[in-house]
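The values are calculated or read from the model by the stated rules, or taken from the named source; none is laboratory data. The model shown is predicted, which means the values in this text are computed figures rather than measured ones. Heads up, the Cβs are rebuilt from the backbone with ideal geometry, glycines too, and the neighbour counts pull from every protein chain shown. What goes into the accessible areas is simple: the full protein's heavy atoms, side chains included, and nothing from ligands, DNA or RNA. Shrake-Rupley method; radii C 1.70, N 1.55, O 1.52, S 1.80 Å.
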Amino acid sequence: KMSEVSAVVAKADIKPKSVCHAKNWSDEVENLYRFQQAGYRDEAEYKQVKQVDTVECWPETGFVKKLQRRDDTFYYYNKQRECEDKEVHKVKVYVY
């Protein structure tokens, strides 16, 4: 599941207008947490840097399954939530 915004941003080198921190956990925050752990702002930046069209996700939950870091090592994620409540406020939500 890819938002229209990230589809547009992935094609162009668009920088975010603003950033805020997540207050509550959601599916979107979970995936942002995973991208940020791997060293990217979000799905759009990942696609731009890695030149890929799709990100591997768990079909059951829609959460990101596997990401390649900038140093070409891989992060593998579980089907279940990994971003604990105490980590939610660290997740940055970018506005384009």
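What the table below lists for this structure:
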read-out	value
Residues satisfying the stated conditions in the stretch 18-28, i.e. open to solvent by less than 70 Å² (accessible area, probe 1.4 Å) and in contact with a helix residue (DSSP H, G or I) (Cβ under 6 Å, 6 or more places away or on another chain)	Ala22
The lone exception for Tyr96 - which of (1) at pLDDT below 95; (2) within 14 Å of Tyr33 (Cα to Cα) it fails	(2)
Glu87 being in a helix (DSSP H, G or I) and either of a type outside the set (Val, Ile, Thr) or within 19 Å of Lys17 (Cα to Cα) (or both)	yes
Tally, over the stretch 56-85, of residues that are of a type in the set (A, V, I, L, M) and more than 14 Å from Asp27 (Cβ to Cβ)	1
Looking only at the stretch 30-44, and only at residues there that are farther than 13 Å from Tyr77 by Cα and either aromatic (Phe, Trp, Tyr) or at pLDDT below 95 (or both), the one that is surrounded by the fewest Cβ atoms within 10 Å (Cβ to Cβ)	Tyr40
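Table: residues versus (1) more than 26 Å from Lys17 (Cβ to Cβ); (2) in a loop (DSSP other than H, G, I, E, B); (3) in contact (Cβ under 8 Å) with a residue 60 or more places away in the chain; (4) polar (S, T, N, Q).
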position	(1), (2), (3), (4)
Phe35	no, no, no, no
Ala44	no, no, no, no
Lys47	no, no, no, no
Thr54	no, yes, no, yes
Asp72	yes, yes, no, no
Arg81	yes, yes, no, no
